[in-house]
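The values are calculated or read from the model by the stated rules, or taken from the named source; none is laboratory data. Since we're looking at a predicted model, the values are computed, not measured. Glycine also receives a Cβ, built like all others from the backbone with ideal geometry; neighbour counts cover every protein chain displayed. Areas reflect the complete protein model, heavy atoms only, side chains present, ligands, DNA and RNA absent. Shrake-Rupley method; radii C 1.70, N 1.55, O 1.52, S 1.80 Å.
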Amino acid sequence: MSHDHEEHVREHDKPLSGPALRVKALESLLVEKGLVDPKALDAIIDLYETKVGPHNGARVVARAWTDPGFKRRLLTDAAAAIDEVGFGGQEGEDMVVLENTPKVHNMVVCTLCSCYPWPVLGLPPVWYKSAPYRARAVIDPRGVLKELGLLLSEDVEVRVWDSTAELRYLVLPERPAGTDGWTEERLAALVTRDAMVGVAKVLPPKAAAG
Ligand code: FE
């Protein structure tokens, strides 16, 4: 038995926690009432676990870096531009893309819960959903960024954007130096999830490799 599988079995032996138990109960009820097809649920979970993720957003960012016309469209009508690249869909209908510059750094939070642009970033990471991030990103954004390893100089303005169920944000990070003439594909490989949430920068190729 592989290690992963052993872990998996052990997980099953554990009693479910409160929220997990409620989800399980709710799922059983919906299936029993014929309101939800368990196969459809599995397909949705598989979609977000394996197909939709930050690599989608990275493609959008890389295209904006290489195609000024696309960048203009992305900053004026994000949902339509993202749709052009093929990443529309649920939880991404109303999107705003925020451009980072040497003078302005944008960072995204959902103070209320965990609203997040699914089609371009996949499911939110645990820290994004955590109470400390949600509370402190607004009160002390610089402090939070510093703890996450991003030290911004005092002359950089930090703008914090609060996502809602209606409006979700994607940060367009600055294109790093040393990438002149790079293809969209090569650039996309540099772009991280954290840079698109605005808690990191896209590192130049050397730093990213080492
Ligand atoms: Fe939310």
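Summary of computed values
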read-out	value
Added length on full extension, which subtracts the Cα-Cα distance from 0.36 nm per residue, residue 174 to residue 42	43.8 nm
Carbon and sulfur %, accessible surface of the chain computed with the full protein complex present, 1.4 Å	57
Rounded tilt (10° steps) of 54-66 against the dominant C-alpha axis of the chain	20
Distant-in-sequence amide H partners of residue 99 (H built 1.01 Å from N, under 5 Å)	172
Dipole of segment 40-181 [Lys/Arg +1, Asp/Glu -1 at C-beta], most positive-end residue of 69, 150, 40	150
The chain - Cys residues lacking any other Cys C-beta under 4.7 Å	113
Cα centroid separation - segment 27-55 against segment 121-148, whole Å	28
More than 33 Å apart - percent of Cα-Cα pairs taken over the chain	24
Radius of gyration, Dmax [segment 87-210; alpha carbons; angstrom]	14.4, 42
Gaussian network model of the chain, Cα within-10 Å springs - most flexible of 50, 111, 66	50
Average accessible area per residue (Å²) across segment 149-202 - probe 1.4 Å, nucleic acids and ligands excluded	52
Average Cα contact separation per residue, the chain, under 8 Å, 6 or more apart, as relative contact order %	23
Cα-centre dipole for the chain with unit charges at Cβ (Lys and Arg positive, Asp and Glu negative), debye to 20	440
Crossing angle, helix 18-32 versus the chain [Cα axis fit, 0-90 degrees, rounded to tens]	70
Other-chain or far-sequence residues with amide H under 5 Å of residue 53's (modelled H)	122
Residue with peak Gaussian network fluctuation, the chain [Cα springs, cutoff 10 Å], from 114, 17, 163	17
DSSP loop GluC sites (Glu not before Pro) with at most 10 other Cβ within 10 Å excluded, longest remaining stretch of the chain	1-153
Most mobile of 92, 34, 122 in a GNM of the chain (Cα contacts under 10 Å)	34
Karplus (6.51, -1.76, 1.60) ³J(HN,Hα), θ = phi - 60°, over segment 142-149, in Hz, Gly and Pro reported as x	4, x, 5, 4, 4, 5, 8, x
Normalised contact order of segment 148-210, rounded percent, pairs of Cα under 8 Å and 6 or more residues apart	39
Å² of accessible area per residue within segment 31-117, as computed with a 1.4 Å probe and no ligands counted	53
